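J.: Here you go, one structure.
Every number here is computed from the coordinates shown, using simple stated rules; none is lab data. Predicted model, so just to flag it, every value in this text is computed and none were measured. Virtual Cβ from ideal backbone geometry, glycine too; neighbours counted across all protein chains shown.
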Amino acid sequence: MPAAKYKVTYIEDGGKAHTVEVAEGWSLMEGAVKHLIPGIDADCGGACACATCQVYVAPEWEAKLPPKSDMEETMLDFAPEVRPNSRLSCQLRMSAALDGIVLNLPKSQH
Amino acid sequence: MPENIVIIGAGQAGAQAVQSLRADGFTGPITMVGDEAYPPYQRPPLSKAYLLGSFERPRLFLKADAYYAEAGCELILNTPAAAIHRGERQVELADGRRLAYDKLLLTTGARVRKLTCPGADLPGVHYLKTIADVNGLQEVFQAGKRIAIVGGGYIGLEVAAVGAKRGLEVTVFEAMDRLMARAVSPQLSAFFAAEHEKAGVKLKLRTGVEAIEGNDRVERVIAGGQAYDADIVLVGIGVVPCDELAVRAGLASEDGIVVDQNARTGDPHIWAAGDCTRHVGREGHYIRLECVQNAIDQAKHAALAMAGKARTYSEVPWFWSDQYDLKLQIAGLARPSDRLVLRGDPASRKFAVFHLRDGAVAAVEAVNAAPEYMIGKRLVAEGKKIAAETLADTSISMKQMV
């Protein structure tokens, strides 16, 4: 049985929105890469080693996300343009609870 | 006519180069040639989650299939390159086609070092480098099977961990006196040896494999003069750079295509990046790195140079390995003469070993310790001097070390 898919909206820094479907269990970084969303570099391919898949999570969705791991927290300490609602999209897994989530992308990941 | 670029090798470095060339403003045609059936994919999960079966194949690919067309990159897969004709600036493919180039990038990677002992070519002897390798291994990788792993390095130990988890009977044969001897400090080797033994993996150190025996397939391994019954043999004894094309074209290679700090070879029209290269590292001597970090960073620097924006490559190398629930992360290149400083308690399965050289942090090995790794990597980049007592003191947070 193919995995369920849920909607994610990625909004580029310039305001352009992309609403796409991402399979359950995939990371929101993988969803962006799969759909050629500009603004997520994901250099390391999801190893939580590069902090080039940063997203800003819309306030109404922040509470629905799992807390940051030590790893993500430390990576974000040193990423550019970090805000209180920054997350690394490689660490966020698609699930029914996140159906419709809205993510804003930073101007640059470097 | 805009310049065109040909990339030989469709792996991590090749994919990175396509992305970076476009980001750096290169607008001419790009053609990438690969000898495997697949577009560029991530190799690290192959010996970990992909082998375990918890990571489906579509997730391995570094880019969506549509990416290449969108990026103006023609992909020619399943097609080895046969020769580089430098005078004519053409690449000849195995099917006879010729591709003209203005600039050429070699991201040919590395291939597995083959076992040469008697019986090494028996059915049942596996290597692990490609999707096809893992698919072949997976067919026989079943609970109850006895797997003999030749080589106690990253690949062998990652497969050992997955095997133990899947209920195989695992024995690791390592010729050296400790695990991952080329990659980690003796402290880490000892820690991982204990973890593998706890998981039921049998470790045979100082035990080289002398022969593999069996009638028409693997039945036993002869090592250290003893016979060990085995259904599967997995060989992980390192890789060799794929430099043959470069060598045949007269480019310098010394166990790796020699490139400068802009990833350029001796030919002003040819660059090389990733596992296939040898370059001058941050410490001023030639090194060959086999890792994702080098594939990414050197490809970025090659792209910059090819787009006319050359910048010196001097990034800190980093590596990782997943075994059981242990995430090992390393930044920097250690030397045996480094002073080692332990931070944290290995018994807690969360600790780090810092390597001090002339008082400065030269490398860090972290186990389940993200702040130590992340901040340690920064300290290595800065060559920061920190007293050993300070590093070892867990009441001082890593953030305070910066």
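J.: If you rank A:Y10, B:Y373, B:Y68, B:Y38 by fewest surrounding Cβ atoms within 10 Å, what's the result?
T.: By the 10 Å Cβ count, ascending: B:Y38, B:Y68, A:Y10, B:Y373.
J.: Over chain B, what is the mean sequence separation of C-alpha contacts under 8 Å (at least six apart), divided by residue count, expressed as relative contact order in percent? Provide the component values of the computation, followed by the final result.
T.: Numbers: 898 pairs, mean separation 55.9, N = 402.
The value is 14 percent.
J.: The stretch B:325-401: Rg/Rh from Cα coordinates, Kirkwood Rh? It would help to have the intermediate numbers written out before the result.
T.: On the way: Rg = 11.1 Å, Rh = 12.0 Å.
Looking at the stretch B:325-401, the ratio lands at 0.92.
J.: Which aspartates and glutamates does A:K64 reach when only Cα atoms under 20 Å apart count, and residues fewer than 8 places away in its own chain are ignored?
T.: Partners found: A:E21, A:E24, A:E30, A:E72, A:E73, A:D99.
J.: Taking the number of other C-beta atoms within 10 Å as the exposure measure, put B:E254, B:E3, B:E372 in order starting with the fewest.
T.: Ascending Cβ contact count within 10 Å gives the list B:E254, B:E3, B:E372.
J.: Hey, in the GNM for chain B with a 10 angstrom Cα cutoff, which one of B:A183, B:A164, B:A347 fluctuates hardest?
T.: Its mean-square fluctuation being the largest, the pick is B:A347.
J.: What's the Kirkwood radius of the stretch B:125-235 in Å, using all Cα pairs?
T.: For the stretch B:125-235, inverting the mean 1/r across all distinct Cα pairs yields 13.9 Å.
J.: Can you tell which of B:T265, B:T107, B:T79 shows the greatest fluctuation in a Gaussian network model of chain B with Cα springs below 10 Å?
T.: B:T79
J.: Looking only at other chains, what is the average number of their beta-carbon atoms within 10 angstrom of each beta-carbon in B:66-76? Provide the component values of the computation, followed by the final result.
T.: Numbers: counts 3, 4, 0, 0, 1, 1, 0, 0, 0, 0, 0.
Rounded to a whole number, the mean comes out at 1.
J.: Let me ask something else. Jot down the per residue volume, in cubic angstrom and as a whole number, of the convex hull over the alpha-carbon atoms of chain B.
T.: 148 Å³
J.: Now for a separate question. At a Förster distance of 35 Å, what's the computed FRET efficiency of B:L326 paired with A:D13, Cβ-Cβ distance as r, to 0.05? If you can, show how the numbers build up before the last one.
T.: Working: r = 38 Å, r/R0 = 1.08.
So the FRET efficiency works out to roughly 0.40.
J.: If I build a Gaussian network model for chain B, linking alpha-carbon pairs within less than 10 angstrom, which residue out of B:K63, B:K198, B:K350 has the largest mean-square fluctuation?
T.: B:K198
J.: May I ask you to evaluate 6.51 cos²θ - 1.76 cosθ + 1.60, the Karplus curve with θ = phi - 60°, for each residue of the stretch B:213-221 and list the ³J(HN,Hα) values in order in whole Hz, giving x for glycine and proline?
T.: 10, x, 5, 10, 7, 4, 10, 7, 10
J.: Treat the stretch B:78-193 as a sphere of radius equal to its Kirkwood radius over Cα pairs and apply Stokes-Einstein at 20 °C in a medium of 1.002 mPa s; give the translational diffusion coefficient in µm²/s, rounded to a whole number. Walk me through the numbers before you get to the answer.
T.: Details: Rh = 17.4 Å.
Reported coefficient: 123 µm²/s.
J.: Could you give the length gained by full extension between B:Q187 and B:R97, i.e. 0.36 nm per residue of separation minus their alpha carbon distance, to one decimal place?
T.: Length gained, B:Q187 through B:R97: 27.1 nm.
J.: How big is D, in µm² s⁻¹, for the stretch B:1-141 by Stokes-Einstein at 37 °C and 0.692 mPa s if Rh is the Kirkwood radius over C-alpha pairs?
T.: Working: Rh = 16.7 Å.
This corresponds to a translational diffusion coefficient of 197 µm²/s.
J.: Using just the Cα positions, wrap the stretch A:1-81 in a convex hull and report its mean projected area in square nanometres, one decimal place.
T.: That works out to 6.1 nm².
J.: Moving to a separate point now. Please compute, for peptide B:364-371, the average count of beta-carbon atoms on other protein chains lying within 10 Å of each residue's beta-carbon.
T.: Average neighbour count from other chains, rounded to a whole number: 2.
J.: Convert each backbone phi in the stretch A:91-98 into a coupling constant with the Karplus relation 6.51 cos²θ - 1.76 cosθ + 1.60 (shift: θ = phi - 60°), then list the ³J(HN,Hα) values in order as whole Hz, x for Gly and Pro.
T.: 9, 9, 9, 5, 7, 4, 5, 9
J.: For the stretch B:259-312, what is the convex hull (Cα atoms) projected area averaged across all directions, in square nanometres?
T.: The directionally averaged projection comes out at 3.3 nm².
J.: Next up: Taking H placed 1.01 Å from N in the peptide plane, check which residues at least 5 places from B:I257 or on another chain put their amide H under 5 Å from its amide H.
T.: Those lying under 5 Å, H to H, from B:I257 are B:T277, B:R278.
J.: For A:E30, B:E210, which order do you get if you count the other beta carbons within 10 Å of each Cβ and list the fewest first?
T.: In order of increasing Cβ crowding within 10 Å: B:E210, A:E30.
J.: If you don't mind, there's one more thing I want to ask. The stretch B:197-274: percent of C-alpha pairs farther apart than 15 Å?
T.: Of the Cα pairs, 69 percent sit more than 15 Å apart.
J.: Next up: Mind checking which of B:L391, B:A69, A:A51 is farthest towards the positive end of the protein assembly as shown's charge dipole, using Cβ charges of +1 (Lys, Arg) and -1 (Asp, Glu) about the Cα centre?
T.: With unit charges placed on the Cβ atoms, the residue in question is B:L391.
J.: Nearest 5 percent is fine: what portion of the DSSP beta bridges confined to the protein assembly as shown is antiparallel?
T.: DSSP beta bridges in the protein assembly as shown are roughly 65 percent antiparallel.
J.: Take each uninterrupted DSSP H stretch in chain B, measure its Cα extent along the helix axis, and return the ones at 15 Å or beyond whose mean Kyte-Doolittle hydropathy is at least -1.0.
T.: Counting only whole DSSP H runs, the qualifying helices are B:12-23, B:154-165, B:186-198, B:292-306, B:370-382.
J.: Of all the C-alpha pairs in the protein assembly as shown, what % are more than 40 Å from each other?
T.: Distances greater than 40 Å cover 24 percent of the Cα pairs.
J.: If you don't mind, another one. What number, rounded to the nearest 500 deg cm²/dmol, is the helix-based mean residue ellipticity at 222 nm of chain B, given -39500 (n - 2.57) per DSSP H run of at least four residues and division by all its residues?
T.: Details: 10 runs with 93 residues, N = 402.
After summing the helix terms and dividing by the residues of chain B, the value is -6500 deg cm²/dmol.
J.: For the stretch B:230-357, what is the convex hull volume of its Cα atoms per residue in Å³?
T.: So the per-residue hull volume is 168 Å³.
J.: What lysines sit close enough to A:K107 to cross-link, taking a C-alpha to C-alpha distance under 19 Å and skipping anything fewer than 8 places away on the same chain?
T.: Excluding near neighbours in sequence, the set is A:K16.
J.: Report the number of Lys pairs in the stretch B:304-402 whose alpha-carbons are under 24 Å apart, with separation of 8 or more residues or on distinct chains.
T.: Lysine pairs, 8 or more places apart or on different chains, close enough: 11.
J.: Still on this model: To the nearest whole number, what is the average tally of beta carbon atoms from other chains within 10 Å of the beta carbons of peptide B:325-331?
T.: Details: counts 0, 0, 3, 0, 4, 0, 1.
Mean number of neighbouring Cβ atoms from other chains: 1.
J.: Rounded to the nearest Å, what's the spacing between the alpha carbon centres of the stretch B:189-249 and the stretch B:115-151? Just the number, please.
T.: 10 Å
J.: Next up: Per-residue counts of other Cβ atoms within 10 Å, averaged by peptide: what ranking do you get for B:46-52, B:11-17, highest first?
T.: Ranking, from highest mean packing down: B:11-17, B:46-52.
J.: Provide the FRET efficiency to the nearest 0.05 for the B:E219-B:V247 pair, computing r from the beta carbons and using R0 = 35 Å.
T.: Details: r = 39 Å, r/R0 = 1.11.
The computed FRET efficiency comes out at 0.35.
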